[in-house]
Amino acid sequence: MTAATVGMDVVEVLRGTTAGPVLVAAGAAGGVAVIATVVAVVVWWHDGAARRGAEVGDSWRTQRVPRVDGVTVSLALALATSTLEAGLLVVDGAGTGNRWLVAVAVRLAVLAAVAAVHRDGLRHQRPALPWTVRAGLVLVLLVTAALGAPATALSGRLWWAATGVVGLLVLVGVLWGVLVAADRLAPAGAAVALIVLLGAPLAVWSAPDAVPPHHQERVVVDGMVLDLTFAPVQVGTNEAHLYAFDREGRSVPVTDVHLAVAGVPGSEHPMFEVSPDHHLSYALQLPAGPPWTVSVTLRGADERHREVTLHLDRP
């Protein structure tokens, strides 16, 4: 049957992301910003506890204000990486309604306020903030760190992000105790070391994958709309996705979905069902010599068989 091609936006297939290079960079910066924020929370909390413990003998009031302390360093790094993350999001086109950007902006405001209060307290030898206030600010920072994580890296599931941030908090707390309480590193050095050591792998993990070269096409056949994507469209093994919709954009189930390459005997194979409306193949083999002609056959809920033929070339 003849399929009519219509205009379409790029859908989120290809392992769930359509990230461009700026968004990939924002995801990497966001990973480091999360670590820097968690480290700043741990260092700031420990600093407040130490100062309150020292208040009993008022010995802290006679200490000179350090030029560089662990809280200042960790807060400065958290502010710097969060600012970079926000800037990249703005460059990528994120607006005021973007959840990720809003979370980063709130985090920036709280970090700046905490930094100002901390330095003012040291300069004028004021006691640490009450633990209830500190706990509230810590909670805001941790929530915005979780909300600010790239949705593409976390599949949009906040509870995954929250669990990850809490796990990071525990890990950083343990490492901080080992490094600082055991007098292995000064607080400022320990803060930098933790951000570098933990931030690098998280940056790699949290950065969304850039979209590979691909061919994407939407076709309408017998009242059914099919979104078809092939990547990386080169000789050898390729990935193929099929999404099925009705004309109103509602997902519709399809079964008996097969994929084949014209002129290649034995190339026909079933596509794996991810969900009733989404099928994929990681076994599409394209022979040497583009362009290629591929055909997709399927059966709809109305039991009618449909066939779509597409012509592929190198992107």
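Could you please find all residues in region 201-213 being within 30 Å of residue 34 (Cβ to Cβ), modelled with pLDDT of 75 or more and surrounded by fewer than 19 Cβ atoms within 10 Å (Cβ to Cβ)?
201, 204
For residues that are without any contact (Cβ under 8 Å) to a residue 60 or more places away in the chain and under 35 Å from the mean Cα position of the chain (by Cα), tally how many sit in region 299-315.
1
Quick grid of which residues meet (1) under 26 Å from residue 199 (Cα atoms); (2) of a type outside the set (Gly, Ala, Ser); (3) modelled with pLDDT of 65 or more; (4) assigned to a helix (DSSP H, G or I):
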site: 43; (1), (2), (3), (4): yes, yes, yes, yes
site: 47; (1), (2), (3), (4): yes, yes, yes, yes
site: 51; (1), (2), (3), (4): no, yes, no, yes
site: 56; (1), (2), (3), (4): no, yes, no, yes
site: 61; (1), (2), (3), (4): no, yes, no, yes
site: 73; (1), (2), (3), (4): yes, yes, yes, yes
site: 77; (1), (2), (3), (4): yes, yes, yes, yes
site: 82; (1), (2), (3), (4): yes, no, yes, yes
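Identify, from the list 222, 246, 227, the residue that is touching a Phe, Trp or Tyr at 6+ places or on another chain (Cβ under 6 Å) and over 30 Å from residue 41 (Cβ atoms).
227
Being open to solvent by less than 50 Å² (accessible area, probe 1.4 Å) and either among the aromatic types (Phe, Trp, Tyr) or within 13 Å of residue 230 (Cα to Cα) (or both) is the filter here, so list the residues in region 272-306 that pass it.
279, 280, 281, 284, 286, 292, 293, 294, 295, 296, listed by residue number.
Do we find a residue being open to solvent by 70 Å² or more (accessible area, probe 1.4 Å), of a type outside the set (Gly, Ala, Ser), within 30 Å of residue 241 (Cβ to Cβ) and modelled with pLDDT of 75 or more anywhere in region 151-162?
So far as region 151-162 goes, no, none of its residues is open to solvent by 70 Å² or more (accessible area, probe 1.4 Å), of a type outside the set (Gly, Ala, Ser), within 30 Å of residue 241 (Cβ to Cβ) and modelled with pLDDT of 75 or more.
Could you grab me the full set of residues in region 90-101 that are without any contact (Cβ under 8 Å) to a residue 40 or more places away in the chain, open to solvent by less than 50 Å² (accessible area, probe 1.4 Å) and part of a helix (DSSP H, G or I)?
101
Residues 136, 173, 189, 87: which one is modelled with pLDDT of 80 or more, touching a Gly at 6+ places or on another chain (Cβ under 9 Å) and open to solvent by 20 Å² or more (accessible area, probe 1.4 Å)?
Matching residue, one of 136, 173, 189, 87: 189.
List the number of the failed condition for residue 104; all other conditions in (1) assigned to a helix (DSSP H, G or I); (2) modelled with pLDDT of 75 or more; (3) open to solvent by 30 Å² or more (accessible area, probe 1.4 Å) hold.
Unmet for residue 104, out of (1) assigned to a helix (DSSP H, G or I); (2) modelled with pLDDT of 75 or more; (3) open to solvent by 30 Å² or more (accessible area, probe 1.4 Å): (3).
Go over the candidates 270, 265, 232 one by one and state the one that is without any contact (Cβ under 8 Å) to a residue 60 or more places away in the chain, in contact with a His (Cβ under 7 Å, 6 or more places away or on another chain) and more than 14 Å from residue 301 (Cβ to Cβ).
Among 270, 265, 232, only 270 is without any contact (Cβ under 8 Å) to a residue 60 or more places away in the chain, in contact with a His (Cβ under 7 Å, 6 or more places away or on another chain) and more than 14 Å from residue 301 (Cβ to Cβ).
The values are calculated or read from the model by the stated rules, or taken from the named source; none is laboratory data. These numbers come from a predicted model, not from an experiment. Note that each Cβ is placed from the backbone with ideal geometry, even for glycine, and that neighbours are counted across all protein chains shown. Protein only, heavy atoms only, side chains kept; ligands, DNA and RNA dropped before computing areas. Shrake-Rupley method; radii C 1.70, N 1.55, O 1.52, S 1.80 Å.
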